[in-house]
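Scroll down for the structure; my scribbles are underneath it.
The values are calculated or read from the model by the stated rules, or taken from the named source; none is laboratory data. Predicted model, so just to flag it, every value in this text is computed and none were measured. Every residue, glycine among them, receives a Cβ derived from its backbone with ideal geometry; neighbour counts consider all protein chains shown. Heavy atoms of the whole protein, side chains included, go into the accessibility calculation; ligands, DNA and RNA do not. Shrake-Rupley method; radii C 1.70, N 1.55, O 1.52, S 1.80 Å.
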Amino acid sequence: MKADELRKMYVEFFCERGHKEVASASLLPENDPTVLFTTAGMHPFVPYLLGEKHPQGNRLVDVQKCVRTGDIDEVGDDTHLTFFEMLGNWSLGDYFKRESISMSYEFLVTKLNIPKEKLAVTVFEGDDIVPRDEESAKVWMDNGLSESQIYYYGREDNWWGPSGKTGPCGPDTEIFYDMGKEKCSPNCGPSCNCGKYVEIWNNVFMQYNKQIDGSYTELKQKNVDTGMGLERILTILNGYTNVYETELFVPVMTRLNEIIKDRKMPLREKRIVCEHTRAICFILGDDKHIIPSNNEQGYRWRR
Ligand code: ALA
């Protein structure tokens, strides 16, 4: 499977289900002053998640360029990236948990032919502010997952957003692929980060707005924000073990090997050079043309 085939399949699948395609926004957030870069698909949509009408309707699909530096120290492992493409489908006050989860399941299992046994999902276990998400767990089971494939976790794992201090957020259900490695311990699960389970998609049920004092208010409408990692899905569909084997990285790695010739360089360092090179190319090539400097986006670029 080529990256472009996958992008097309995803967009077509959601267009067939009433979504309108929206182009990727700039890597410099236009509608969200709380972050330096577009770290997720949601930033361009913040006003619409808050209730403003989107000109293209209330079901949207996109392939959004993202830069996320929070995981920068993980880069060089098999799956973490600073620049990545996020395949996203959006409900702006339209469908909610049942339809969102069912469409994700159908896309993965029926369209991409991923065996359902290879999936594990997590749902929000609840706390004193927001109840346990039994509804999402039930929808997963109605679709065909068994109870043993469903894990409940707390706010650290199953709550998404806001990226800055304030804004739309909510509990999520995350979808993982079992890479087939041995369990790292009897308690091994999607949250342990041992590499057995790789997160491929996140469906966020955005129904809250976090305020500056840390409290949550209900949004005017219930939204869905999903994000699937293009590079990770591509790795899995092609039976690779890491993102550097995909066509998105092979040419960069080939060129690096030509440049360093016989000099020894540890694999992890090579991967970091490839990954960061790709990221700064996209930052430099962005419509907003970000250049290295000593503050804000330009400083991240330079680092
Ligand atoms: N906004 C969600 C994420 O980035 C989909 O994981």
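Look at region 239-258: where a residue is farther than 12 Å from Thr79 by Cβ and a partner is of a type in the set (D, E, K, R) and open to solvent by 80 Å² or more (accessible area, probe 1.4 Å), sitting 6+ places away or on another chain with Cβ atoms under 7 Å, you get Glu247/Lys2. The residues of region 180-213 that are more than 25 Å from Pro47 (Cβ to Cβ), of a type in the set (A, V, I, L, M, F, W, C) and away from the ligand (no atom under 16 Å from the Cβ), listed by number, are Cys184, Cys188, Cys192, Cys194.
Within the option set Val139, Val130, Val75, Val121, being farther than 17 Å from Ser24 by Cα and touching a His at 6+ places or on another chain (Cβ under 8 Å) holds for one residue only, Val75.
A quick yes/no check of all residues on (1) closer than 17 Å to Phe37 by Cβ; (2) open to solvent by 100 Å² or more (accessible area, probe 1.4 Å); (3) modelled with pLDDT of 95 or more; (4) not in a helix (DSSP H, G or I):
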{"site": "Leu256", "(1), (2), (3), (4)": "no, no, yes, no"}
{"site": "Met265", "(1), (2), (3), (4)": "no, no, yes, yes"}
{"site": "Ile272", "(1), (2), (3), (4)": "no, no, yes, no"}
{"site": "Ile280", "(1), (2), (3), (4)": "yes, no, no, no"}
{"site": "Asp287", "(1), (2), (3), (4)": "yes, yes, no, yes"}
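Do the conditions hold for Glu21, that is, is it part of a strand (DSSP E or B) and exposed (fewer than 15 other Cβ atoms within 10 Å of the Cβ)? Taking the combined requirement at face value, the residue satisfies it.
Of the residues making up region 214-228, those that are within 23 Å of Cys66 (Cβ to Cβ) and more than 9 Å from the ligand (Cβ to nearest atom) number 3. Restricting region 26-62 to residues that are β-branched (Val, Ile, Thr) and modelled with pLDDT under 95, the residue that is farthest from the ligand (Cβ to nearest atom) is Thr34.
Return yes when Asp4 is within 22 Å of Thr277 (Cα to Cα), away from the ligand (no atom under 16 Å from the Cβ), outside any loop (DSSP other than H, G, I, E, B) and not small (Gly, Ala, Ser) and no when it is not. Taking the combined requirement at face value, the residue satisfies it. The residue list Glu147, Glu134, Glu125, Glu106 contains one member that is more than 15 Å from the ligand (Cβ to nearest atom), more than 30 Å from Tyr48 (Cβ to Cβ) and in the same structural domain as Asp94 (by TED's automatic domain parsing), which is Glu147.
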